1. Among the numbered criteria (1) touching a residue at least 40 places away in the same chain (Cβ under 8 Å); (2) surrounded by fewer than 16 Cβ atoms within 10 Å (Cβ to Cβ); (3) not small (G, A, S), which one does H12 miss?
2. Please specify each residue of the stretch 18-49 satisfying the condition of being part of a helix (DSSP H, G or I), in contact with a helix residue (DSSP H, G or I) (Cβ under 8 Å, 6 or more places away or on another chain) and over 16 Å from E60 (Cα atoms).
3. Check the stretch 23-39 and report whether any residue there is among the hydroxyl-bearing types (S, T, Y), modelled with pLDDT under 85 and open to solvent by less than 90 Å² (accessible area, probe 1.4 Å).
4. Sort out which residues of the stretch 1-46 are over 10 Å from the mean Cα position of the chain (by Cα) and of a type in the set (D, E), and write them in order of number.
5. If you check A95 against the conditions, is it open to solvent by 60 Å² or more (accessible area, probe 1.4 Å), modelled with pLDDT under 90, part of a helix (DSSP H, G or I) and of a type in the set (A, V, I, L, M, F, W, C)?
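The values are calculated or read from the model by the stated rules, or taken from the named source; none is laboratory data. Since the model is a prediction, treat every value here as computed from it, not as a measurement. Here Cβ is always computed from backbone atoms with ideal geometry, including for glycine, and neighbour counts include all displayed protein chains. Just the protein is used for accessible areas: all its heavy atoms, side chains included, with ligands, DNA and RNA removed. Shrake-Rupley method; radii C 1.70, N 1.55, O 1.52, S 1.80 Å.
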Amino acid sequence: MNEDQLSALATHLYVRLRRDGGRVIDVIWMTRNHDYAREVIRLARGIPDAEVARLADRFEELMFGVVHAAASLAPSAPAPRNPLEDTQTPAPSVAGRYRGGLR
């Protein structure tokens, strides 16, 4: 198990879960506690996003040595780019970026 790879994957999951699911996770605790990591993986699989599922599968593979059938059958393709992300949009207000206030 490579600690750097686990930390990088957990950080990617953190970003995607926060953006797509509104969930905040503890990246360090995820790399050190197996029960917490399994729960975060379960939460990630509940989000309908192929990239989140791919990251969860890869993290589980590195952390626990589990390879999923879907991951082994088809090579992972890069996520399709959203053409709307390339356009310049004004930054959201501070109040719009936080849910329920600052922590």
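1. (2)
2. Hits for the stretch 18-49 are D20, G21.
3. First, pick out the residues of the stretch 23-39 that are among the hydroxyl-bearing types (S, T, Y): 31, 36.
Next, only the ones that are modelled with pLDDT under 85 stay: none.
Checked the stretch 23-39: no residue is among the hydroxyl-bearing types (S, T, Y), modelled with pLDDT under 85 and open to solvent by less than 90 Å² (accessible area, probe 1.4 Å).
4. The answer is E3, D4, D26, D35, E39.
5. On the way: open to solvent by 60 Å² or more (accessible area, probe 1.4 Å): yes; modelled with pLDDT under 90: yes; part of a helix (DSSP H, G or I): yes; of a type in the set (A, V, I, L, M, F, W, C): yes.
Answer is yes for this residue.
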